[in-house]
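Chemist: Please find one structure pasted underneath; my questions will follow.
The values are calculated or read from the model by the stated rules, or taken from the named source; none is laboratory data. Since the model is a prediction, treat every value here as computed from it, not as a measurement. A quick note on method: Cβ atoms are made from the backbone with ideal geometry, for glycine too, and the neighbour counts reach across all protein chains shown. Note: accessible area is taken over every heavy atom of the protein model, side chains too, but ligands, DNA and RNA are not part of it. Shrake-Rupley method; radii C 1.70, N 1.55, O 1.52, S 1.80 Å.
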Amino acid sequence: MGNSKGIAVLKPIRAEMARIASYLWEKGWAERNAGNFSIRITEDIPLIQIITDKAIKATPLEMPFPDLAGELILISNSGSRMREFSKKPAKFSCLIKIESKGEAYRIIREEGRPQGIPTSELLSHLAIHDMLMKNKPHDRAVIHSHVTELIALSHMSEVHSSESLSRLLWSMHPEILMFLPLGMGFLPFQLPGTIELAKASAEKLEKYPALLWEKHGCISTAASISEAFDIMDMAAKAAKIYFMASSSGQRPDGLGLLHIDQIKEHYFKKK
Ligand code: 2HA
Ligand code: ZN
């Protein structure tokens, strides 16, 4: 027994995911199967009876996430390509339900849908959702992508701290400070897909809405997939300005501390 004809409420959410998948592909941030996203949707389905197919075994997790017990998460499939996801989001995403102690997850079968398994970065997504539920419950969306401009930046040791990275991004354009006032965290290289990467990411994202994974990519969180994309896009724009200005052979001046303080004063203190 499965959930017949898919689950209606997932349709618009998958449509939004598909739109963002096409942007990630067009931006060149999603080569091959790079990138993944997820959204916690429990609140969107209060009245719908999700039929859990007991024939589908629960998959144990490397660490439990007790705060996520019973939560429903829509997540991109392992191996899915963003360029294909953008056309067939239902084929390349699956709905999972976290088991009662947060120790495992079960894939919710949707009739007429092929059965995929969640992304290789599942642990990072779950650790981040777990942290968001406790600290920023309004933020339910998580995107990871191989943002070229930011990966290039992460090869430069001068931005190897959250403070220096944030300062550089803010100094490239006044709107970065306006829309990314908390800055971007920096995480030294960790193996993709590991529990270590997951734990360290969740910890950093308590403070920042986005995180640069050294020499790998970027991860951002927001209320929706579209807003999480905006955060990545803003940070990528700042990195691009930095590289374009640097390619003239001169070191970009950047907005000085005085300008940064003026922007903060103008946009935040008066409110
Ligand atoms: O989804 O990007 O980090 C593939 C990846 C792993
Ligand atoms: Zn990746």
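Chemist: If Ala223 meets every condition in (1) more than 19 Å from Leu150 (Cα to Cα); (2) of a type in the set (A, V, I, L, M, F, W, C); (3) within 16 Å of ligand 2 (Cβ to nearest atom) apart from one, which number is that one?
Modeler: Going through (1) more than 19 Å from Leu150 (Cα to Cα); (2) of a type in the set (A, V, I, L, M, F, W, C); (3) within 16 Å of ligand 2 (Cβ to nearest atom) one by one, Ala223 breaks only (3).
Chemist: In addition: Go through segment 120-144 and count every residue that is part of a helix (DSSP H, G or I) and either surrounded by fewer than 21 Cβ atoms within 10 Å (Cβ to Cβ) or within 16 Å of ligand 1 (Cβ to nearest atom) (or both).
Modeler: 10
Chemist: Shifting gears a bit: I'm trying to understand the selection: among the residues of segment 25-59, which are in a helix (DSSP H, G or I) and surrounded by fewer than 18 Cβ atoms within 10 Å (Cβ to Cβ)?
Modeler: Glu26, Thr42, Glu43, Asp44
Chemist: Sticking with this structure for a sec: If the requirement is being surrounded by 14 or more Cβ atoms within 10 Å (Cβ to Cβ) and in contact with a Phe, Trp or Tyr (Cβ under 7 Å, 6 or more places away or on another chain), which of these qualifies: Ser80, Ser22?
Modeler: Ser80
Chemist: Then there is this: Condition first: out of contact with any Pro (no Cβ under 8 Å at 6 or more places or on another chain), surrounded by fewer than 23 Cβ atoms within 10 Å (Cβ to Cβ) and within 18 Å of Ser120 (Cα to Cα). Now tell me which residues in segment 207-228 satisfy that.
Modeler: Lys215
Matching residues to (1) outside any helix (DSSP H, G or I); (2) of a type in the set (D, E, K, R); (3) at pLDDT below 95:
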residue: Leu168; (1), (2), (3): no, no, no
residue: Glu203; (1), (2), (3): no, yes, no
residue: Lys207; (1), (2), (3): yes, yes, no
residue: Lys215; (1), (2), (3): yes, yes, no
residue: Cys218; (1), (2), (3): yes, no, no
residue: Thr221; (1), (2), (3): yes, no, no
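Chemist: Can you give me the number of residues within segment 151-206 that are open to solvent by 10 Å² or more (accessible area, probe 1.4 Å) and polar (S, T, N, Q)?
Modeler: 6
Chemist: Residues that are touching a strand residue (DSSP E or B) at 6+ places or on another chain (Cβ under 9 Å), open to solvent by 20 Å² or more (accessible area, probe 1.4 Å) and under 21 Å from Glu227 (Cα atoms): does segment 95-113 have at least one?
Modeler: Within segment 95-113 (the criterion being touching a strand residue (DSSP E or B) at 6+ places or on another chain (Cβ under 9 Å), open to solvent by 20 Å² or more (accessible area, probe 1.4 Å) and under 21 Å from Glu227 (Cα atoms)), the answer is no, since none of the residues qualifies.
Chemist: List pairs: first residue in segment 56-76 and within 17 Å of Ser120 (Cα to Cα), second residue outside any strand (DSSP E or B) and among the aromatic types (Phe, Trp, Tyr) anywhere in the structure, Cβ distance under 8 angstrom, at least six positions apart or on different chains.
Modeler: Ser76/Phe85; Ser76/Phe92
Chemist: Test Gly116 against the stated conditions and say whether it is open to solvent by less than 50 Å² (accessible area, probe 1.4 Å), within 16 Å of ligand 2 (Cβ to nearest atom), assigned to a loop (DSSP other than H, G, I, E, B) and more than 26 Å from Lys204 (Cβ to Cβ).
Modeler: Spelling it out, it is not the case that Gly116 is open to solvent by less than 50 Å² (accessible area, probe 1.4 Å), within 16 Å of ligand 2 (Cβ to nearest atom), assigned to a loop (DSSP other than H, G, I, E, B) and more than 26 Å from Lys204 (Cβ to Cβ).
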